[in-house]
Amino acid sequence: MNNDNTEVAFSTEALTRVYGEGSAAVHALRGIDLIIPSGEFVVLLGPSGSGKSTLLNILGGLDKPSAGQVRFFYQNLNEMDDAALTLYRRDHIGFVFQFYNLMPSLTAQENVELVTEIAESPISPEEALALVGLDQRMDHFPSQLSGGEQQRVAIARAVAKQPRVLLCDEPTGALDSESGRQVMEVLQQVNQQLGTTVVIITHAATIASMADRVIHFADGQIRETVLNSEKCSARDLVW
């Protein structure tokens, strides 16, 4: 658990996101006040449509709030134009989604190289793939890998640029329980060994037991934040 002297990776104040206008308006976020300390493993829980993905997209610079403030360490994301947000995503944020988005014509190593070629201070594709336990599968194409292995390649691609934050939207949603555990082990390892702040959206409530901080969403609002004094290992998760 982080202490009061820990840097804050993300903070938001009265964060609101509205899509559309008038009677057709959808209030995806309704005044979110949030702090995510640097280095934490954070889980966002809540039903579909509760605002989790909207928040993740704003934190990742993929979307902009309708009102309110969002800060990344000492930077105000509200003040960034599209070009600055592109650099922000490139240099600081790693994304992992439910579907792996790998290039089918490229090997695992080549998929990771797509990121390392444009990153500011990347680790090598070989090192990134070794980190996720795929150093023996670098020359395989996505079609030759299981779903869990493809997701681990996607994680290697995300961490190869050494982002300060890894944002994950349902990273185990398309996987069986054993593959899901392996993916969560990798994410826990990235958090613990590299000190990367990890924020995960999931419907699997069991994953909350391995988090530092669990944030419960409903109807575009934070209903509760729970701090875990003891965390379980990903290997011990029961699905």
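Computed packing ranks the peptides 219-227, 27-35 as 27-35, 219-227, most packed first, by mean other Cβ atoms within 10 Å. In order along region 184-194, the phi-based Karplus estimate (6.51 cos²θ - 1.76 cosθ + 1.60, θ = phi - 60°) of 3J(HN,Hα) comes to 5, 4, 4, 5, 5, 5, 4, 5, 7, 7, 9 Hz; Gly and Pro are listed as x.
A full extension of the chain between Asp81 and Gln136 corresponds to an added length of 15.6 nm, given 0.36 nm per residue minus the alpha carbon distance. Working note: Cα atoms of the chain, range along each principal axis, descending, whole Å: 52, 41, 41.
Among Phe41, Phe73, Phe97, determine the one that fluctuates most according to a GNM of the chain built with springs between C-alpha atoms less than 10 Å apart. Answer for the Gaussian network model of the chain: Phe73.
Using the empirical formula 2.2 N^0.38 Å as the baseline, the Cα radius of gyration of region 1-73 reaches a ratio of 1.18.
How far is helix 82-92 tilted off the main Cα axis of the chain, in degrees rounded to 10, range 0 to 90? For 82-92 against the chain, the angle is about 50 degrees. Against the main long axis of the alpha-carbon atoms of the chain, helix 147-159 sits at an angle near 70°. Based on the alpha-carbon gyration tensor of region 158-239 and its eigenvalue square roots a ≥ b ≥ c, which shape applies: rounded if a/c is under 1.5, prolate if not and a/b is larger than b/c, or oblate? Rounded, since a/c falls under 1.5. Arranged from fewest to most other beta-carbon atoms within 10 Å of their beta carbon, Phe95, Phe10, Phe141 become Phe141, Phe95, Phe10. Relative to one another, the C-alpha centroids of region 22-72 and region 160-217 are positioned 17 Å apart.
Counting Lys +1, Arg +1, Asp -1, Glu -1, what net charge surrounds Gln221 among other residues with beta carbon under 11 Å of its beta carbon? Result for the neighbourhood of Gln221: -1. Cβ crowding within 10 Å, taken as a proxy for footprinting-reagent exposure, orders Leu62, Leu87 from fewest neighbours to most as Leu87, Leu62.
The phi-based Karplus calculation (6.51 cos²θ - 1.76 cosθ + 1.60; θ = phi - 60°) puts the 3J(HN,Hα) values of region 28-37 at 6, 10, 10, x, 8, 10, 8, 10, 10, x Hz, whole numbers, x for Gly and Pro. Among Lys231, Lys52, Lys161, a tally of other beta-carbon atoms within 10 Å of each Cβ gives an order, fewest to most, of Lys231, Lys161, Lys52. By the rule of a C-alpha distance below 12 Å, with chain neighbours fewer than 8 residues away ignored, the aspartates and glutamates paired with Lys64 are Glu79, Asp81, Asp82.
A short reminder: the numbers here are calculations on the coordinates, not readings from a lab. Keep in mind that what you see is a predicted model, and the values were worked out from it rather than measured. Cβ coordinates were reconstructed from backbone atoms using ideal geometry, including for glycine residues, and neighbour counts include every protein chain displayed.
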